[in-house]
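One structure is given below, encoded as structure tokens.
The values are calculated or read from the model by the stated rules, or taken from the named source; none is laboratory data. As the structure is a prediction and not an experimental result, all values here were calculated from the model. Cβ coordinates were reconstructed from backbone atoms using ideal geometry, including for glycine residues, and neighbour counts include every protein chain displayed.
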Amino acid sequence: MRVLVTGGAGFIGANFVHHTHLHRPDVQVTVLDKLTYAANPASLQGTGAQLVHGDIADAQLVDRLVADSDLVVHFAAESHNDNSLRDPSPFVQTNLVGTFTILEAVRTHGVRLHHISTDEVYGDLELDDPAKFTPDTPYNPSSPYSSTKAGSDLLVRAWVRSFGIVATISNCSNNYGPYQHIEKFIPRQITNVLSDLKPKLYGAGENVRDWIHVEDHNAAVWTIIDRGRSGETYLIGADGERNNKDVLELILELMGKPTDAYEHVTDRAGHDLRYAIDAGKLRDELGWAPRYPDLRAGLEQTVAWYTAHRDWWQATKAATEARYAEVGQ
Ligand code: NAD
Ligand code: TDX
């Protein structure tokens, strides 16, 4: 089986390529990645994947690569909410035009697509709301990032219905684990501590995210590729709801620091309050279950990874923090 993985030099995509190398030795992987600031080709070392440096919005290139594939797993995106508030333009270009380009190529060549998306397309929930997101929750995205992801999902649904392409969609909650860019919450705080900088909490830190280990996300993606039905949306989550303050205090404890050794900074504009996933459909219909639901154990492993892999993140730390400092975060 020949699989084209878009965005495979980014966080989740690279973990997907490692997972595939380990668990699916019969699969031949080609990665298509623009190698933006968010990518690190070193993340693919030891996987045997072929890396093609290019843009998912390059129709000729995409057409050629899709023609040579049996399956496309589409991770490539601009992925960071804070960046989308500063400059939405690459989000519209990559997440919408890029996904459109992939759709046209899979339509032309009759190739199966799995589209990777996020729970943020559903907007947010109140802290005391017993409800969780389900595949029937209406779309209500808040940020330029989440609205372009919502648009990309709708394009995939329309191409299934109008053109009969074979495609599945998954919407996952917040991932953590190795190879995550240090602009994101968990690795930013771990690398702050390792750099003798104070961790930074937006606002009061009451916002809740539903954390899942990246390995569980990728196992779920393979479950959907194996057994999912075309045109269906599957929500991926591992019942990992925690507020940001609790997660930060846990990181500080695991790193042997006082649990109040951080500072509050300017809140994110339009900051979604709470995300929570009901993964019942994935569990009941496809038989998936998370293998790493223990956040404490997963964070311990993640702290150990960033501690042991300074060479992977050190060169980007100063520039990442400088971008945040410009906006008081
Ligand atoms: P990331 O930012 O770490 O990686 C994105 C990758 O896409 C990078 O390697 C980048 O170079 C590449 N890319 C960007 N624009 C491109 C383009 N035009 N052409 C080709 N490649 C391009 O992102 P991530 O956190 O790994 O997220 C991957 C996917 O998973 C995204 O679609 C995101 O919306 C989705 N998702 C992420 C999370 C999360 O918690 N990180 C949760 C749910 C869903
Ligand atoms: O320094 C910080 N301090 C802080 O309090 C940062 C970077 C973030 N935060 C807060 C904001 C969020 O409430 O932590 C929470 C998590 O922030 P991010 O890591 O930026 O993730 P989020 O905005 O929730 O989006 C993530 O999950 C869904 C991914 O980046 C998206 O790609 C995915 O779709």
Residue within the stretch 252-274 that is on the phi < 0 side of the Ramachandran plot, hydroxyl-bearing (Ser, Thr, Tyr) and crowded, with 20+ Cβ neighbours inside 10 Å present: yes
Tally, over the stretch 68-114, of residues that are more than 13 Å from ligand 2 (Cβ to nearest atom) and closer than 20 Å to VAL160 by Cβ: 25
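Would you point out which residue out of ALA289, ALA297 is touching a helix residue (DSSP H, G or I) at 6+ places or on another chain (Cβ under 9 Å), without any contact (Cβ under 8 Å) to a residue 40 or more places away in the chain and not hydroxyl-bearing (Ser, Thr, Tyr)? Give the steps one after another, and end with the answer.
Numbers: ALA297 fails: touching a helix residue (DSSP H, G or I) at 6+ places or on another chain (Cβ under 9 Å).
Answer to the check: ALA289.
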Number of positions in the stretch 112-156 that are farther than 23 Å from LEU85 by Cβ and hydroxyl-bearing (Ser, Thr, Tyr): 2
Criterion violated by ASP284 - all others in (1) assigned to a helix (DSSP H, G or I); (2) surrounded by 13 or more Cβ atoms within 10 Å (Cβ to Cβ) satisfied: (2)
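Given the residues ARG107, ARG112, which is the only one that is closer than 19 Å to ASP55 by Cα, surrounded by fewer than 22 Cβ atoms within 10 Å (Cβ to Cβ) and touching a helix residue (DSSP H, G or I) at 6+ places or on another chain (Cβ under 8 Å)? Before the answer, list the steps.
On the way: ARG112 fails: closer than 19 Å to ASP55 by Cα.
From the options ARG107, ARG112, the qualifying one is ARG107.
Just wondering, is there one or more residues in the stretch 224-232 that are in contact with a Phe, Trp or Tyr (Cβ under 8 Å, 6 or more places away or on another chain) and either under 22 Å from GLU321 (Cα atoms) or within 14 Å of ligand 1 (Cβ to nearest atom) (or both)? If you could, list the steps in order and put the result at the bottom.
To start, the set of residues in the stretch 224-232 that are in contact with a Phe, Trp or Tyr (Cβ under 8 Å, 6 or more places away or on another chain) comprises 224, 228.
Going one step further and asking which of them are either under 22 Å from GLU321 (Cα atoms) or within 14 Å of ligand 1 (Cβ to nearest atom) (or both), we end up with 224.
The answer is yes; a qualifying residue exists.
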Search result, residues across the stretch 224-240 that are surrounded by 20 or more Cβ atoms within 10 Å (Cβ to Cβ) and under 19 Å from the mean Cα position of the chain (by Cα): ILE224, THR233, TYR234, LEU235, ILE236, GLY237, ALA238, GLY240
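Rundown of residues vs (1) over 26 Å from ARG188 (Cα atoms); (2) touching an Asp or Glu at 6+ places or on another chain (Cβ under 8 Å), yes/no style:
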site	(1), (2)
SER69	yes, no
ALA77	no, no
PRO88	no, no
VAL92	no, no
ARG107	yes, no
GLY123	no, yes
PRO130	yes, no
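What are the residues in the stretch 133-149 that are within 15 Å of ligand 2 (Cβ to nearest atom), touching a strand residue (DSSP E or B) at 6+ places or on another chain (Cβ under 8 Å) and not hydroxyl-bearing (Ser, Thr, Tyr), if any? Talk me through it step by step, then tell me what you get.
At the first step, the residues of the stretch 133-149 found to be within 15 Å of ligand 2 (Cβ to nearest atom) are 133, 139-149.
Keeping just the survivors that are touching a strand residue (DSSP E or B) at 6+ places or on another chain (Cβ under 8 Å) gives 133, 146, 149.
Answer for the stretch 133-149, where residues must be within 15 Å of ligand 2 (Cβ to nearest atom), touching a strand residue (DSSP E or B) at 6+ places or on another chain (Cβ under 8 Å) and not hydroxyl-bearing (Ser, Thr, Tyr): PHE133, LYS149.
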Count - residues of the stretch 52-86 that are touching a residue at least 40 places away in the same chain (Cβ under 8 Å) and either closer than 24 Å to THR108 by Cβ or in contact with a Lys or Arg (Cβ under 6 Å, 6 or more places away or on another chain) (or both): 20
Residue tally, condition under 19 Å from LYS184 (Cα atoms) and either of a type in the set (Val, Ile, Thr) or within 6 Å of ligand 1 (Cβ to nearest atom) (or both), over the stretch 5-41: 10
Close pairs (8 angstrom Cβ cut-off, 6 or more residues apart or separate chains): modelled with pLDDT of 95 or more in the stretch 115-132, more than 12 Å from ligand 1 (Cβ to nearest atom) and among the basic types (Lys, Arg) anywhere: ASP124/ARG274; LEU125/LYS132; LEU125/ARG274; GLU126/ARG274; LEU127/ARG274; ASP129/ARG274
Filter result (loosely packed, with under 15 Cβ neighbours inside 10 Å, in contact with a Ser or Thr (Cβ under 9 Å, 6 or more places away or on another chain) and basic (Lys, Arg)) within the stretch 287-329: ARG310
